[in-house]
Amino acid sequence: MSDFDELFQDSEKIYEKWNLTESPFAESAEKLTRLNEVFTGRREELATTINLLRSRDAKSILVYGWIGIGKTAFIQEVLSGLERNMKNILTASIKLEPNTDLATAALIALAREMPDDDWAQFQLNRMGLRPRKALHDRKTKAGGKFVFEGTIEESAIAPEAPQFPTLSFEDLLKRAMEKRDRVVIAIDDLDKQEPAKARKLLLDAQGLLKGRAWFLLTGHPSGITRDYLISDRGLFDLPLKLEPLDEETSYRMLIKYLASARRRKVDPNNSNDLNVVHPFTPETARALCQTAHGVPRWLNRIGNYILLKAAELKEPKIDDRVFQIGLAHAREQLRGQPGLTPQDYYVLDMVLEKGILSDASVTLEELDKMKAETFSEILPILDKLVEYDLLQRMPTERATEYAPMPLLRQAQETEETDFN
Ligand SMILES: Nc1ncnc2c1ncn2[C@@H]1O[C@H](COP(=O)(O)OP(=O)(O)O)[C@@H](O)[C@H]1O
Ligand SMILES: [Mg+2]
């Protein structure tokens, strides 16, 4: 047997013991193929959304919350739920790319859902995006007077952004609504761009958001999003804030994730059955939920690190000992992510040392240690560290405040007690 085969069999054996086909966790909702099997909680937010969707005229909803809290998962769940339950509805979704305006994003999203509409496909083609069906610019070229046959010349069309994206979108929307009663468009990650740009984006999109299509947008509770929430411009009919899940919901969520990758089915609703959390024990399953602090992405990420480590150690069960080893591994992996620069580490270590770093209390000396002159210089780094799940941004109105991700905080606390 080759080494690969042997190792593969070994790994197969441990997953067999765990009654899992694979690790069920995923860091982002885009990577998850079976979201509706694992989606948990958010009942109130879903109910509010459904309630609004009952009205006849189109509305716009802003779903906001911190990274990893479940914005993408939420809007995907809403869209697929609408598809299942409402007749004659068209749903479309798109992640907002930097340097794209909302109308262009909406145009692309909608056009992609209209594969049979030549005009929609032409729009995509023109922007250099692949239409669902081949399209050609047909020119009949009749040659000199002695040519008997016309030939079809196929010429590629150079990519070109629409000149009036809002108008193009409205035209396309009109076409869509000839056949559908309702068009719902989700635009994800509104403010993964510079605040100034994002602000302009929203200003430009006022007409769009008040038009005949429904919009579901997602953003962060800082920067532009907050400006729009507190302003009385009323750009959104419903601002919906996603908070961390409570521990009970996290626990149910963990069970659902595990259930989605079972070899032999286990009923996720029978929580008296110890098998629902296997290979975790009820205690380590709880501990995982506590470590995740109600942030679904952290639960996925830490859960994944622990499973991978336990598989490497060929542990049939994740008891407290294995769990602790898994956590240590998770910390190591988090800190050792590729793409972090020396300056990122200076900043991270400063936050770890201080516990909380805020624009209101940072000193010149500290800035110097982080090789920066002003706080705003390190803001992009802080945000990057949040993206990497190393820091979290604290929910405060007064200051811009960052703290270590709880998992790293715990490590520090235990290290400190070890010293004493
Ligand atoms: N309510 C939920 N139920 C189950 N999984 C969730 C839920 N919310 C988020 N997740 C999962 O947590 C991870 C992070 O969520 P995501 O929606 O990508 O966060 P965000 O878009 O806010 O950054 C994804 O793997 C996602 O599938
Ligand atoms: Mg997201």
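All of the numbers you see were taken from the coordinates with simple rules; none came from a lab. Predicted model, so just to flag it, every value in this text is computed and none were measured. Every residue, glycine among them, receives a Cβ derived from its backbone with ideal geometry; neighbour counts consider all protein chains shown.
Taking amide hydrogens as placed 1.01 Å from N in the peptide plane, the amide H of Val295 sits under 5 Å from those of Leu245, each at least 5 positions away in sequence or on another chain. Mind running the shape call on region 35-110? Use the C-alpha gyration tensor, a ≥ b ≥ c as the square roots of the eigenvalues: rounded below 1.5 for a/c, prolate if a/b tops b/c, oblate otherwise. Oblate, because a/c is 1.5 or more while a/b does not exceed b/c.
Taking the charge dipole of the chain about its Cα centre, with +1 at Lys and Arg Cβ atoms and -1 at Asp and Glu Cβ atoms, the residue from Leu408, Ser358, Leu258 reaching farthest to the positive side is Leu258.
Amide H contacts of Ile318: Phe280, Thr281, each under 5 Å away and 5 or more positions distant or on a separate chain (H built 1.01 Å from N in the peptide plane; Pro and chain starts excluded). Between Leu258, Leu217, Leu53, the GNM of the chain built on Cα springs shorter than 10 angstrom shows Leu53 fluctuating the most. Averaged over residues, the count of other Cβ atoms within 10 Å places the peptides 332-342, 38-48 in the sequence 38-48, 332-342, highest first. By the gyration tensor of its Cα atoms, with a ≥ b ≥ c the square roots of the eigenvalues, what is the shape of region 246-335: rounded for a/c under 1.5, prolate for a/b over b/c, or oblate? Taking the square roots of the gyration eigenvalues as a ≥ b ≥ c, region 246-335 is oblate.
Summary of packing: across the peptides 17-26, 60-69, the per-residue average of other C-beta atoms within 10 Å ranks them, highest first, as 60-69, 17-26.
In terms of packing, defined here as the mean over residues of other Cβ atoms within 10 angstrom, the peptides 376-388, 81-93, 285-297 line up highest first as 285-297, 376-388, 81-93. For region 289-386, the convex hull drawn through the C-alpha positions has a volume of 118 cubic angstrom per residue. Assign one of three labels to region 186-225, namely rounded, prolate or oblate, based on the Cα gyration tensor with a ≥ b ≥ c the square roots of its eigenvalues; rounded applies when a/c is under 1.5, prolate when it is not and a/b is larger than b/c, and oblate otherwise. Oblate, because a/c is 1.5 or more while a/b does not exceed b/c.
What is the diffusion coefficient of the chain in µm²/s, taking the Kirkwood radius over Cα pairs and the Stokes-Einstein relation at 4 °C with a viscosity of 1.567 mPa s?
This corresponds to a translational diffusion coefficient of 53 µm²/s.
Net charge around Gly294, counting only other residues with Cβ within less than 9 Å of its Cβ (Lys, Arg = +1; Asp, Glu = -1)? Present the calculation step by step, with values, prior to reporting the outcome.
On the way: positive: none; negative: Glu243, Asp246, Glu247.
Once all neighbours under 9 Å are counted, the net charge is -3.
Rounded to the nearest angstrom and listed largest first, the equivalent-ellipsoid semi-axes of region 342-419 from its Cα gyration tensor are 20, 14, 12.
Using Cα pairs closer than 8 Å and at least 6 residues apart in sequence, work out the relative contact order for region 246-335, in percent. Over region 246-335, the number comes to 26 percent.
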